[in-house]
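The structure appears right after this line, and notes come after that.
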Amino acid sequence: MLTKRHMSLSRLSQDGKHSSKLKSNRRKIRLLAGVFAIAFVALTARYFGLRSFLSPTALRERVLSYGPLAPLAFVIVYSIATIFFLPGTPVTIAGGVIFGKFLGTIYTIIGATLGATIAFIAARALGESFVEDLLKKKYKKLYEYDKKIQRNGLAVVLFLRFVPLFPFNGLNFALGLTKVKTRDFILGTAVGIIPGSFALAFIGDSVATFSPFNLALSISLFALLALTPYFYKKYKSWKRNGRR
């Protein structure tokens, strides 16, 4: 009787180890697949010179070559840049140069939100074993507030977009590992990036129209928005010290 029970427990232990090993192997496969995918994208971007392609001048010429489809081309380029961690600032400025400050802002919001949503969904599809290993250390504070994010997803995403405490492109993947709803992520992103998108598109529009006053105004607006993380940290520090 004891022998049978011992054999049963031993078998359960072996099954548990086998299951744990399978999970570990799956995680390794996912991680390797993700690393290879990122390496492939990076090499492709380097080979085709995508970074130089994203300069405002080159992008303007490229987008305008599509004629009536120029807005669609711009949105696609912005989405790709967002997914592959390419800088969005020159693209947004180019949007202002090409379409003006208002349409440039609208097309930027559409492209950035589309790319951000694809990255967000991809993070959830790849799962923790891939994205967590790459991002969780960098975004440690974000995951500490996961329950708060679940309860107030829209407000948290709005705040993180308006006060850029984390890089935009990385945050898309990082938020994919939290419990924030997809709907809240999309809405929070689209609304939260309006001020920054407008400021950069305004800079591009001011350059295109050769308006020194508007250029100074747009740069001042962008500088003010860029300093919001600094002001926020100062406020948090003051609040913390005030309670002592």
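The values are calculated or read from the model by the stated rules, or taken from the named source; none is laboratory data. Computed from a predicted model, the values in this text were never measured in an experiment. Here the Cβ positions follow ideal geometry from the backbone for every residue, glycine too, while neighbour counts run over all protein chains shown.
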When residue 137 is evaluated against the numbered criteria (1) part of a helix (DSSP H, G or I); (2) modelled with pLDDT under 90, which criterion, by number, is the only one it fails? (1)
Unique match (being over 20 Å from residue 70 (Cα atoms) and either touching a helix residue (DSSP H, G or I) at 6+ places or on another chain (Cβ under 9 Å) or modelled with pLDDT under 95 (or both)) among 97, 131: 131
Report, ordered by the first and then the second residue, all pairs with beta carbons closer than 8 Å, sequence separation of six or more or different chains, a first member in the range 149-171 that is closer than 18 Å to residue 229 by Cβ, and a second member that is part of a loop (DSSP other than H, G, I, E, B) and of a type in the set (Val, Ile, Thr). 156/180; 157/180; 161/193; 168/193
Please verify whether residue 178 is out of contact with any strand residue (DSSP E or B) (no Cβ under 9 Å at 6 or more places or on another chain) and either touching a residue at least 40 places away in the same chain (Cβ under 8 Å) or closer than 12 Å to residue 117 by Cβ (or both), treating the condition exactly as stated. no
Counting only residues in the range 182-225 that are part of a helix (DSSP H, G or I) and of a type in the set (S, T, N, Q), the one farthest from the chain's Cα centre (by Cα) is identified as 214
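Matching residues to (1) surrounded by 19 or more Cβ atoms within 10 Å (Cβ to Cβ); (2) in contact (Cβ under 8 Å) with a residue 40 or more places away in the chain:
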| position | (1), (2) |
| --- | --- |
| 78 | yes, no |
| 96 | yes, yes |
| 104 | yes, yes |
| 108 | yes, yes |
| 111 | yes, no |
| 116 | yes, yes |
| 119 | yes, yes |
| 122 | no, yes |
Kindly indicate whether residue 165 is surrounded by 17 or more Cβ atoms within 10 Å (Cβ to Cβ), at pLDDT below 85 and not acidic (Asp, Glu). no
Residues being within 20 Å of residue 150 (Cβ to Cβ) and part of a loop (DSSP other than H, G, I, E, B) - total across the range 167-181: 6
For the range 80-94 the number of residues that are surrounded by 22 or more Cβ atoms within 10 Å (Cβ to Cβ), part of a helix (DSSP H, G or I) and in contact (Cβ under 8 Å) with a residue 40 or more places away in the chain is 4
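Table: residues versus (1) among the aliphatic types (A, V, I, L, M); (2) surrounded by 23 or more Cβ atoms within 10 Å (Cβ to Cβ).
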site: 190; (1), (2): yes, no
site: 200; (1), (2): yes, yes
site: 205; (1), (2): no, yes
site: 211; (1), (2): no, no
site: 235; (1), (2): no, no
When residue 159 is evaluated against the numbered criteria (1) buried (at least 16 other Cβ atoms within 10 Å of the Cβ); (2) part of a helix (DSSP H, G or I), which criterion, by number, is the only one it fails? (1)
